[in-house]
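Novice: Have a look at this one before I ask anything.
The values are calculated or read from the model by the stated rules, or taken from the named source; none is laboratory data. If you're wondering where the values come from, they're calculated on a predicted model, not measured in any experiment. For neighbour counting, all protein chains shown are included, and Cβ atoms are generated from backbone atoms with ideal geometry for every residue, glycine included.
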There are 6 protein chains.
Amino acid sequence: MPIVTVTRRLHFNAAHRVHNPALSDEENLRLFGKCNNPNWHGHNYMLDVSVTGPVSDRTGYVIDLGVLKRIVQEQVIEQADHRNFNIDVAFMHDVIPTSENIVVQCWRVLQPAIAPATLSRLVLWETPNNYVEYSGE
Amino acid sequence: MPIVTVTRRLHFNAAHRVHNPALSDEENLRLFGKCNNPNWHGHNYMLDVSVTGPVSDRTGYVIDLGVLKRIVQEQVIEQADHRNFNIDVAFMHDVIPTSENIVVQCWRVLQPAIAPATLSRLVLWETPNNYVEYSGE
Amino acid sequence: MPIVTVTRRLHFNAAHRVHNPALSDEENLRLFGKCNNPNWHGHNYMLDVSVTGPVSDRTGYVIDLGVLKRIVQEQVIEQADHRNFNIDVAFMHDVIPTSENIVVQCWRVLQPAIAPATLSRLVLWETPNNYVEYSGE
Amino acid sequence: MPIVTVTRRLHFNAAHRVHNPALSDEENLRLFGKCNNPNWHGHNYMLDVSVTGPVSDRTGYVIDLGVLKRIVQEQVIEQADHRNFNIDVAFMHDVIPTSENIVVQCWRVLQPAIAPATLSRLVLWETPNNYVEYSGE
Amino acid sequence: MPIVTVTRRLHFNAAHRVHNPALSDEENLRLFGKCNNPNWHGHNYMLDVSVTGPVSDRTGYVIDLGVLKRIVQEQVIEQADHRNFNIDVAFMHDVIPTSENIVVQCWRVLQPAIAPATLSRLVLWETPNNYVEYSGE
Amino acid sequence: MPIVTVTRRLHFNAAHRVHNPALSDEENLRLFGKCNNPNWHGHNYMLDVSVTGPVSDRTGYVIDLGVLKRIVQEQVIEQADHRNFNIDVAFMHDVIPTSENIVVQCWRVLQPAIAPATLSRLVLWETPNNYVEYSGE
């Protein structure tokens, strides 16, 4: 029975400030430069959510992409779209909102919501020139 | 000797209807929604075909991409381009034409045609927001 | 008062067959080649809808893009998405479903729906390598 | 002597809130919805700057794109990149930071800086699905 | 009778050196910088060829895109693809191979080849961040 | 501690000729076709550089992307941009400049420069339709 990976891409826009509140302002500026702007900046994020599994004989699907889309919209897009990652997004509480941390926190909310299907990979694009990947390791 | 993966991207357009003839019309509509439209719909598909192997000292190639392109055109593009996956495409006979099943059937026709080179991955984009991957498992 | 053009891009998937029922099958095949496949083929269409006008002091908008999106969804996307242009789409009745005719018919349904705002241009992409534009002339 | 339009595309990221301080909070929320989030959101903006003129016999250029890039970086990118349009950007003072107003204000700073060459068009993408154009009218 | 613009996009790869042989090496280096590298550099060019005209009742076409593609391939792509604009391309003889001059020379070879249909616009992308347009003026 | 892969995409333009000097001109032409043009051709290359590692508690980063960008610019972009791979680029000395060999040589210069961080993957796009990947094996 073939094992296929299916991916749904979704988009959202958000503001953030890369800032570690445990450090001084000087240290934050030195570490994060313009990404530390206290008045925020923002991005058009693009999230690729991948599920891996056998192809059902009955449907020809690994997972219904409409179902997968609804899960991601509820768990991630409705929380983060047109929001501020440092202030508004519960799943980012107490975490520096770098792409690395955003993708890991997305995994933590999406993995149980997608189970028993197998979330296998998240790719998060922050700009057209940089992206991060996480596979739950 | 370094092992490199090379990929050739090709495009084709096709119609399909996601439909399982073993099920009732009601069940098909419930399972597949608008993708079950009896009058068909269609997509611009994009297929990435990857071959992995050592780099030849003589050519600097893993495989001549012109040769790879011709194989994919013969085996997949000429069969599927401007066609209907449910009616016209021999390698899709008796298979529900979801992206998952299309990518697996493409593997089955491409793997022997590309051998002894090693087909390592197929990625099939159905729309700009969803794609499937298969590596022969 | 500055005059700005704003554009909203929307996507839909549809099947079609380029066929003129007033001509013989032989003539249709000669004129349209593989686009005349009697079993249909299809595309991921991308439609850019542009409205031109003064920028409101009150809102900073030419038109609320949410409103524009809803109009295009009602008038075009809900009619054409996951449908067959030759069979299912009322605004394409009795018209050969080439990109040229699709974009002109979209204008005819969108222009009155968007008025009194000024629809200024439609761009319809049929594939990543070809598109048509219409400005109501 | 042929008249050609040359375009340089540049990228920047910024936060904003669509808000008219002359209106009540309720009216702002009604008009702007989630774009009115008091904690901001943001975008990866893409700006296409077009200059039109005769092609120089000496250089084959309408304008040296390196010079054009430096002007846009000084006048727009250094002001807006990783900044907040409502707070940090001098050329947006007292203007609701919609795409329409951003593109008009960019024109006002770029037109004199590019003269005597002729700025002919600005296109500003806010997301992959919406953009605005301004030609100085 | 509606007037529509149809566009076909084609791709080619070429080498060039931006160099004016009437000037000294020092002046060339000062004017063109790294684009003047005597050992050449190159680009993946993308050319959008637009034809404007009435939509035929018989075909629903402004022009058969297959015919348009063949003309562009013969007149431009076969001359320029995998070639050197300074050495190999007859239509660039005695012209500095900037994008501006390439697009104007493409017009001069394409306009008569496409007539009596009306070539209305050429857009040539040199990189993902710069492009030129010419409409025959 | 989560292990994340971060990727920075960079662009450069270069000329090359696919040619093996150990073979006859006839054999080169037979093997490489138009890619063997003695007058060169060129591409807009796009390089994705991936680093894998744990996410720092202090910064939320796997690696500072500004640092990664500077390393790639020094080691690859400044050597190859607007250059000729056969003549100008030291790290390509005595190697046929196919994409496969370019990506392996980029690995050899980048891996030590990025250490002790872990370079995990390079992806090099030569055109929009073909790319190569290397992971150091």
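Novice: Tell me, please, whether a residue that is among the aliphatic types (A, V, I, L, M), assigned to a helix (DSSP H, G or I) and without any contact (Cβ under 8 Å) to a residue 24 or more places away in the chain can be found in the stretch F:108-130.
Specialist: No - not one qualifying residue is present in the stretch F:108-130.
Novice: Looking at the stretch E:7-16, can you tell me whether even one residue there is hydroxyl-bearing (S, T, Y), buried (at least 22 other Cβ atoms within 10 Å of the Cβ) and assigned to a strand (DSSP E or B)?
Specialist: Yes, there is a match, as at least one residue in the stretch E:7-16 is hydroxyl-bearing (S, T, Y), buried (at least 22 other Cβ atoms within 10 Å of the Cβ) and assigned to a strand (DSSP E or B).
Novice: For the stretch E:92-137, which residues satisfy the criterion of being at pLDDT below 95 and in contact with a helix residue (DSSP H, G or I) (Cβ under 7 Å, 6 or more places away or on another chain)?
Specialist: Matches in the stretch E:92-137: none.
Novice: In the stretch D:89-137, what count of residues is obtained for those that are surrounded by 21 or more Cβ atoms within 10 Å (Cβ to Cβ) and among the hydroxyl-bearing types (S, T, Y)?
Specialist: Going through the stretch D:89-137 one residue at a time, the tally reaches 4.
Novice: Ok, one more. Among the residues of the stretch F:37-93, how many are more than 15 Å from F:H11 (Cα to Cα) and of a type in the set (D, E)?
Specialist: 3
Novice: For the stretch D:4-18, how many residues are farther than 19 Å from A:R17 by Cβ and over 14 Å from the mean Cα position of the chain (by Cα)?
Specialist: Going through the stretch D:4-18 one residue at a time, the tally reaches 4.
Novice: Which one is nearest to the other protein chains (Cβ to nearest Cβ) among residues in the stretch F:72-88 that are crowded, with 21+ Cβ neighbours inside 10 Å and either on the phi < 0 side of the Ramachandran plot or assigned to a helix (DSSP H, G or I) (or both)?
Specialist: Looking at residues that are crowded, with 21+ Cβ neighbours inside 10 Å and either on the phi < 0 side of the Ramachandran plot or assigned to a helix (DSSP H, G or I) (or both), I get F:N84.
Novice: OK, next. Those residues that are within 11 Å of chain D (Cβ to nearest Cβ) and either part of a loop (DSSP other than H, G, I, E, B) or farther than 20 Å from D:S99 by Cα (or both), I need them from the stretch C:48-71; list them, please.
Specialist: C:V55, C:S56, C:D57, C:R58, C:T59, C:G60, C:Y61, C:V62, C:I63, C:D64
Novice: Among the residues of the stretch B:89-107, which ones are at the interface with another protein chain (Cβ under 7 Å from one of its Cβ atoms), within 12 Å of the chain's Cα centre (by Cα) and in a loop (DSSP other than H, G, I, E, B)?
Specialist: B:T98
Novice: Out of C:N36, C:N101, I need the residue that is without any contact (Cβ under 8 Å) to a residue 24 or more places away in the chain and touching a Leu at 6+ places or on another chain (Cβ under 6 Å). Which one?
Specialist: Selected residue: C:N36, the only one of C:N36, C:N101 that is without any contact (Cβ under 8 Å) to a residue 24 or more places away in the chain and touching a Leu at 6+ places or on another chain (Cβ under 6 Å).
Novice: Additional query: F:G136 fails exactly one of the following numbered conditions: (1) among the small types (G, A, S); (2) in contact (Cβ under 8 Å) with a residue 60 or more places away in the chain; (3) within 11 Å of chain B (Cβ to nearest Cβ). What is the number of that condition?
Specialist: (2)
Novice: Let me spell it out: the conditions are (1) in contact with a helix residue (DSSP H, G or I) (Cβ under 9 Å, 6 or more places away or on another chain); (2) within 12 Å of chain A (Cβ to nearest Cβ); (3) in a loop (DSSP other than H, G, I, E, B), and D:N39 meets all of them except one. Which number is the exception?
Specialist: Among (1) in contact with a helix residue (DSSP H, G or I) (Cβ under 9 Å, 6 or more places away or on another chain); (2) within 12 Å of chain A (Cβ to nearest Cβ); (3) in a loop (DSSP other than H, G, I, E, B), the lone unmet condition for D:N39 is (1).
Novice: Now for a separate question. Taking the criterion of being farther than 30 Å from D:R17 by Cβ, within 22 Å of the chain's Cα centre (by Cα) and surrounded by fewer than 20 Cβ atoms within 10 Å (Cβ to Cβ), would at least one residue in the stretch C:45-60 satisfy it?
Specialist: No, the stretch C:45-60 has no match at all.
Novice: If we keep just the residues of the stretch D:1-17 that are away from chain A (no Cβ under 14 Å) and not aliphatic (A, V, I, L, M), which is farthest from D:I87 (Cα to Cα)?
Specialist: Looking at the filtered set, the residue picked out is D:P2.
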